[in-house]
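The values are calculated or read from the model by the stated rules, or taken from the named source; none is laboratory data. Just so you know, these numbers come straight off a predicted model, no measurement behind them. Neighbour counts run over all protein chains shown; Cβ positions are idealised from the backbone, glycine included. Protein only, heavy atoms only, side chains kept; ligands, DNA and RNA dropped before computing areas. Shrake-Rupley method; radii C 1.70, N 1.55, O 1.52, S 1.80 Å.
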Amino acid sequence: MTKFLLSVHVLAAILAVGPIAVAASVFPRIAREQAAADPAHRGGTAAFLHRICRAYAVVGLAVPAFGVATGAQLGVLTDAWLLASIALTAGAAGLLAFAILPGQQRLLTRVSGDAPAVEDDGLRSAASRLAMLTGVFNLLWAVVVVLMIVRPGSTTGA
């Protein structure tokens, strides 16, 4: 059962977090490009990237769920590396839910519609802030992956 839970946990992490990391990283640049485009040529690329982030965020809930189930099976729920991973995962989820997704929605509101093509300092600043937050989100996940592989204090020798 442990191998099954671990497999689902890793697959969910790859298939759910990966698309969010990529779509969220590309979103600020695409939104800025769309804001500068003629309204007739804006397309829906930024909106599509936002939908990817929203949908995969819901699917991504399987990652910590199966992670905790795997940790329980292995008897490591109280290990410091796992507790740190859980805290970092919660931080990444909070950043996504309360900063990145709302920030994307705000940028979409600014670049959509029939407004004339504009890329003002406010839009540039908002896109830069969103890019920074996405970088922090991706960094948090990178640290979690390292903790999952290295498992400080592990006696397995892995």
Seminar exercise, completed: Taking only C-alpha positions in the chain, Rg and Dmax in angstrom work out to 18.5, 62
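Take every Cα pair under 8 Å in region 1-141 that's 6+ residues apart, average their separations, divide by the length, and report that relative contact order as a whole percent. Walk me through the numbers on the way to the answer.
Details: 141 pairs, mean separation 54.7, N = 141.
Computed value for region 1-141: 39 percent relative contact order.
Treating only the Cβ of Lys, Arg, Asp and Glu as charged (+1, +1, -1, -1), what charge dipole size does region 14-107 show about its Cα centre? Round to the nearest 20 debye.
Numbers: 6 positive and 3 negative charges, 60 e Å.
Computed charge dipole of region 14-107: roughly 280 debye.
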Seminar exercise, completed: Dipole check, region 1-55, charges on Cβ (K,R +1; D,E -1), about Cα centroid: among F48, H9, A24 the Cα furthest to the positive pole belongs to H9
Exercise. Arranged from highest to lowest average of other beta-carbon atoms within 10 Å per residue, in what order do the peptides 7-15, 26-34 appear?
Worked result: 26-34, 7-15
Exercise. Calculated from DSSP H runs of 4 or more alone, at -39500 (n - 2.57) each and per residue, what is the 222 nm mean residue ellipticity of the chain, nearest 500?
Worked result: -24500 deg cm²/dmol
Problem set entry | Portion, in percent, of the accessible area of region 1-155 that falls on carbon or sulfur, probe 1.4 Å | 71 percent
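Quick one: accessible area per residue over the chain, 1.4 Å probe, rounded to a whole number of Å²?
On the way: 8680 Å² over 158 residues.
Per residue, the chain has an accessible area of 55 Å².
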For this session: Treating only the Cβ atoms of Lys and Arg (+1) and Asp and Glu (-1) as charged, compute the dipole magnitude of the chain about its Cα centre; round to the nearest 20 debye.
Result: 200 debye
Problem set entry | Dipole axis of region 61-151 (+1 Lys, Arg; -1 Asp, Glu on Cβ), positive-most option in A80, V143, T109 | A80
